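Peer 1: Structure provided below as structure tokens; questions to follow.
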Amino acid sequence: MRIILASNNRDKLREVREILEPLGYEVISQREAGCRIEAEETGETFVENARIKALAAMKLTGMPCVADDSGLEVNAMGGAPGVYSSRYCGELSYAETCQKIINIVNCSDDRGARFRCAVVCCFPDGREIVCEGTVEGTVGTMLEGENGFGYDPLFIPDGYAKSMACLTDEEKNAISHRGRAFRELAKKLAALNDGADEGE
Ligand code: IMP
């Protein structure tokens, strides 16, 4: 089954391909589907923003489209940057932004944090599937690792002694917020197809 991912983020596309292709899904980007848009993320939740992106691509392509919205929540920052994770950097690089967050957390006694991911799949007939995934962890005391992207170098998943950026893609996808949300999507899509087959 072919899935259109409503994202222009190459890192996400790579990870989603690695997660869904072994499960039998071909993932193509919205650009490959001939859809060049950057929907404005005006929602207040990950689910709302994922729905905005998936709906915009679905309306342009006329095909079922999937989008993810994700981000980092830091306890010491009251859950920020959350849905503003990509915009939080402003003019700073990710390395500088990660260091800024580490400095904030160093002044608190709570290093807790989590990555969240919401996935919404919109169908032209108005149906939608919503899935969510979370990975809990802590903010490290220094940046570590070269893999992954974004805030991975500061995030130490629970049960690990190293940051998410020290994990291979395969190791990250096995525990990540995105891995969990997209594997749930694959299950729900399979159940939908089974239901359709039974109805024939
Ligand atoms: P959006 O979902 O495209 O709005 O952007 C999500 C932002 O959250 C990314 O640009 C990263 O800053 C951050 N983020 C989401 N998932 C991850 C991840 O797996 N690792 C590191 N940072 C992430």
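Peer 1: Quick check on segment 11-44: of everything there that is in a helix (DSSP H, G or I) and over 17 Å from His177 (Cα atoms), which residue is nearest to the chain's Cα centre (by Cα)?
Peer 2: Glu21
Peer 1: Take segment 29-71 and flag every residue that is among the β-branched types (Val, Ile, Thr), out of contact with any Leu (no Cβ under 7 Å at 6 or more places or on another chain) and either within 14 Å of the ligand (Cβ to nearest atom) or farther than 19 Å from Gly126 by Cα (or both).
Peer 2: Thr42, Thr45, Val47, Ile52
Peer 1: Taking Lys188, is it surrounded by fewer than 17 Cβ atoms within 10 Å (Cβ to Cβ) and in contact with a Cys (Cβ under 7 Å, 6 or more places away or on another chain)?
Peer 2: Considered against the rule, which asks whether it is surrounded by fewer than 17 Cβ atoms within 10 Å (Cβ to Cβ) and in contact with a Cys (Cβ under 7 Å, 6 or more places away or on another chain), Lys188 comes out as yes.
Peer 1: OK, next. Out of all the residues in segment 1-30, which are of a type in the set (Gly, Ala, Ser) and surrounded by fewer than 16 Cβ atoms within 10 Å (Cβ to Cβ)?
Peer 2: Gly24
Peer 1: Something else: Could you please give the count of residues in segment 45-77 that are in a helix (DSSP H, G or I) and among the aliphatic types (A, V, I, L, M)?
Peer 2: Total meeting the criteria: 11.
Peer 1: Here is a check on your reading of the model: is Glu41 open to solvent by 50 Å² or more (accessible area, probe 1.4 Å) and either in contact (Cβ under 8 Å) with a residue 24 or more places away in the chain or at positive phi (or both)?
Peer 2: So Glu41 fails the test.
Peer 1: Filter segment 56-91 down to the residues that are out of contact with any strand residue (DSSP E or B) (no Cβ under 8 Å at 6 or more places or on another chain) and more than 21 Å from Glu38 (Cβ to Cβ), then identify the one that is least open to solvent (accessible area, probe 1.4 Å).
Peer 2: The selected residue is Met77.
Peer 1: While we're on this one: Looking at (1) more than 16 Å from the chain's Cα centre (by Cα); (2) open to solvent by 50 Å² or more (accessible area, probe 1.4 Å), find the lone condition where Glu170 falls short.
Peer 2: Every condition holds for Glu170 apart from (1).
Peer 1: Right, something else. Restricting to segment 132-157, count the residues that are open to solvent by 40 Å² or more (accessible area, probe 1.4 Å), in contact with a helix residue (DSSP H, G or I) (Cβ under 9 Å, 6 or more places away or on another chain) and of a type in the set (Asp, Glu).
Peer 2: Adding up the residues that qualify gives 3.
The values are calculated or read from the model by the stated rules, or taken from the named source; none is laboratory data. The shown structure was predicted, so the numbers you read here are calculated from the model rather than taken from an experiment. Every residue, glycine among them, receives a Cβ derived from its backbone with ideal geometry; neighbour counts consider all protein chains shown. Surface accessibility is based on the protein's heavy atoms, side chains included, excluding ligands, DNA and RNA. Shrake-Rupley method; radii C 1.70, N 1.55, O 1.52, S 1.80 Å.
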